[in-house]
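Structure first, commentary second.
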Amino acid sequence: MLCLCTVIVLMPSAGSAQTAAPPDAKTIARRYFNEILNKGSAPAIDAIISADVVFRNPPAIVKGIAEFRKLVASLRGAFPDLHFTLEDEIAEGNKVATRWVMRGSQGAHKVDVSGMDIFVIENGKIREIWVNMDTLAQAKQMGTAAGP
């Protein structure tokens, strides 16, 4: 009898209001690529980027949502046909690691560059972005570095 009472006490009441589950971290990371980088959506920036975001793509460090907006506009302006394809995602706790391929063109130069991001997500928004990409391949494809 004691066991049955314990189970009944721990079960939520049928009449209690249910709260919506927060978006999962992978969903937020996917929205970052699909809506912000691929489409340049300003409403998506407001929805999933923290006001005090820190974006690190060494040597560049961008702090705050206003500077982040400028970064996205600059990137999309430089590569009007920019498209990121997610290859892998791994999430644990409030962190998501992604592996991606960025494709686009700038004039006659076409780029096909791989990279990885690590996101820190707090309160349903991206708080930090750490980028590690093949900048040498990008420079060679853009004609700014010598190579085969």
Query raised in the report: Got the relative contact order for segment 23-142 handy, in percent, Cα pairs under 8 Å and 6 or more residues apart?
Result: 25 percent
Report summary line: Straight-line reach check, Lys110, cutoff 16 Å on alpha carbons, 8 or more apart in-chain or any other chain, hits among aspartates and glutamates -> Asp81, Asp134
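Return Ile28, Ile121 ranked ascending by Cβ neighbour count within 10 Å, so the fewest neighbours appear first.
Going from least to most buried by this count: Ile28, Ile121.
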Query raised in the report: Given 0.36 nm per residue, what is the gain on full extension from Ile90 to Lys63 after removing their alpha carbon distance, in nm?
Result: 7.2 nm
Query raised in the report: How do Met102, Met133 rank when sorted from fewest to most other Cβ atoms within 10 Å of their own Cβ?
Result: Met133, Met102
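At a Förster distance of 22 Å, what's the computed FRET efficiency of Ala145 paired with Lys70, Cβ-Cβ distance as r, to 0.05? Could you put the intermediate results ahead of the total?
Numbers: r = 26 Å, r/R0 = 1.16.
Working from the Cβ atoms, E equals 0.30.
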Requested in this report: Could you calculate the contour length gain from Ala42 to Glu122, that is, 0.36 nm times the residue separation minus the distance between their Cα atoms, to one decimal place in nm?
Outcome: 26.8 nm
Query raised in the report: Cα to Cα, under 19 Å, and not fewer than 8 places away if on the same chain: which aspartates and glutamates meet these conditions relative to Lys95?
Result: Asp24, Asp52, Glu87, Asp117, Glu122, Glu128
Report summary line: Quick calc, Asp134 & Asp24: beta-carbon distance into FRET formula, R0 25 Å, rounding 0.05, result 0.30
Query raised in the report: Can you list residues whose amide H is under 5 Å from Gln106's amide H, if they're 5+ apart or on another chain and H is modeled 1.01 Å from N?
Result: Val111
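None of the figures in this text is laboratory data; all of them are computed from the coordinates on show. As the structure is a prediction and not an experimental result, all values here were calculated from the model. Note that we place each Cβ from the backbone using ideal geometry, even for glycine, and neighbour counts take in every protein chain shown.
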